[in-house]
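Chemist: Here's a structure for you.
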Amino acid sequence: MKNTRNLKDIIFKNLIKLLTNISILVLIGIFLSLIIKSAPILKEKSIIEILFSTKWQPFKKEFGLWTFIISTFYVTIFSLIISVPLCILSSVYLSEYCNKRIKIFFLSIIDILAGIPSVIYGIWGVIIIVPLIKNQIAPFFNASSNGYSLLAGAIVLSVMIFPIIIQITVQVMENVPRELREASIAIGATKWETIKFVVLKKAQPGIIASIIIATSRALGETIAVLMVVGNVIKIPKSVFDPAYPLPALIANNYGEMMSIPLYESAIMLSALILLIIVLAFNVLARIILIRIERKS
């Protein structure tokens with residue numbers, strides 16, 4: 001019996017190790033394939049010229065990615081500006097104020113939001129957000145916009161990352177020891193002061209990690225943003241201007257006009273840059289979470 005159990009342990013251990021190695025090999029394979037596909041354009045032009053040029057004219061062999069990189073960061077930053085305060089306040093309410101039934105109900109709704117396909121968010125953006133910006137928000141600020149804009153992409157994206165930030169933040173806040181709350185109240189602090197100076201301070205690394213994970217999701221989101229952001233090759237000067245993020249560039253152009261020399265290579269380089277950015281944010285978030293677990 002003991003030998004049988006040891007044999008099962010060895011089999012499962014090796015199986016898990018094999019699956020882990022396969023996952024790593026898949027990631028390495030993606031990296032290598034993108035690097036190989038990107039090589040032709042890197043032989044023709046320097047990486048600095050490609051990254052910081054704003055000229056995107058495939059027929060003239062101009063493949064500057066700066067406009068798309070800036071648009072990507074603009075959409076992501078504005079989505080975080082919208083979502084982070086709302087998510088943190090919602091997490092405080094769910095963790096510290098609401099009763100158990102309401103909490104279960106809202107967390108169930110958040111789980112549903114996390115599972116909705118991105119194309120549905122895109123359709124919602126086209127039907128609701130775009131007309132709202134065109135007819136209400138832009139005129140209120142004395143601006144002209146057709147609704148397909150940086151702001152539309154940021155709003156849709158902010159709703160998409162709500163579940164990520166709220167789920168992680170609620171879990172982190174619940175892991176703060178109750179003794180710390182009781183000690184704070186015992187010395188005369190109010191409930192809000194306890195939340196502000198004890199709970200949020202203790203949960204801060206986890207909240208930061210949730211924001212970084214949400215950022216990596218926002219950077220790589222394609223369909224929903226593509227449908228509402230406008231897709232005009234121009235650096236946006238206001239939130240009512242259209243934008244053109246890197247994921248939209250890849251989705252819109254891959255498979256088209258591949259007979260143009262270096263065109264496919266430029267698209268593959270865009271994908272490689274996006275992959276590196278997203279992986280960097282995920283690694284940073286993982287490092288923060290590991291530190292939290294060690295402290296716990």
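The values are calculated or read from the model by the stated rules, or taken from the named source; none is laboratory data. Here the structure is a predicted model, which is why all the values come from computation and not from measurement. With ideal geometry, Cβ positions are generated from the backbone for all residues, glycine too; neighbour counts draw on all protein chains shown.
Chemist: I'd like the full set of residues that are surrounded by fewer than 18 Cβ atoms within 10 Å (Cβ to Cβ), polar (S, T, N, Q) and free of Cβ contacts under 8 Å to residues at least 60 places away in the same chain, limited to region 167-193.
Modeler: Matches in region 167-193: Gln171, Thr190.
Chemist: Given the criteria touching a strand residue (DSSP E or B) at 6+ places or on another chain (Cβ under 6 Å) and assigned by TED's automatic domain parsing to the domain that holds Ala243, does Ser71 qualify?
Modeler: yes
Chemist: Only one of these is over 30 Å from Leu226 (Cβ atoms) and either polar (S, T, N, Q) or surrounded by 15 or more Cβ atoms within 10 Å (Cβ to Cβ) (or both): Val198, Val159. Name it.
Modeler: Val198
Chemist: Tell me, yes or no, whether region 84-95 has at least one residue that is closer than 30 Å to Phe105 by Cβ and touching an Asp or Glu at 6+ places or on another chain (Cβ under 8 Å).
Modeler: Yes, some residue in region 84-95 is closer than 30 Å to Phe105 by Cβ and touching an Asp or Glu at 6+ places or on another chain (Cβ under 8 Å).
Chemist: Moving on to the next point. Taking into account only those residues within region 50-66 that are surrounded by 15 or more Cβ atoms within 10 Å (Cβ to Cβ) and assigned to a helix (DSSP H, G or I), which is farthest from the chain's Cα centre (by Cα)?
Modeler: Pro58
Chemist: Could you please let me know if Ile110 is touching a helix residue (DSSP H, G or I) at 6+ places or on another chain (Cβ under 7 Å) and either surrounded by 19 or more Cβ atoms within 10 Å (Cβ to Cβ) or in contact (Cβ under 8 Å) with a residue 12 or more places away in the chain (or both)?
Modeler: Criteria met by Ile110.
Chemist: Going through region 241-268 one residue at a time, which ones are polar (S, T, N, Q) and surrounded by fewer than 17 Cβ atoms within 10 Å (Cβ to Cβ)?
Modeler: Passing the criteria: Asn252, Ser259.
Chemist: Got at least one residue in region 141-158 being over 20 Å from Tyr74 (Cα atoms) and of a type in the set (A, V, I, L, M, F, W, C)?
Modeler: No, region 141-158 contains no residue that is over 20 Å from Tyr74 (Cα atoms) and of a type in the set (A, V, I, L, M, F, W, C).
Chemist: Inside region 218-240, can you point out the residues that are within 16 Å of Phe78 (Cβ to Cβ) and buried (at least 19 other Cβ atoms within 10 Å of the Cβ)?
Modeler: Those that are within 16 Å of Phe78 (Cβ to Cβ) and buried (at least 19 other Cβ atoms within 10 Å of the Cβ): Ala218, Leu219, Glu221, Ala224, Val225, Val228, Val229, Gly230, Pro236, Val239, Phe240.
Chemist: Do we find that Ser184 is at pLDDT 85 or above, assigned by TED's automatic domain parsing to the domain that holds Phe73, part of a helix (DSSP H, G or I) and closer than 16 Å to Ile82 by Cα in this structure?
Modeler: No.
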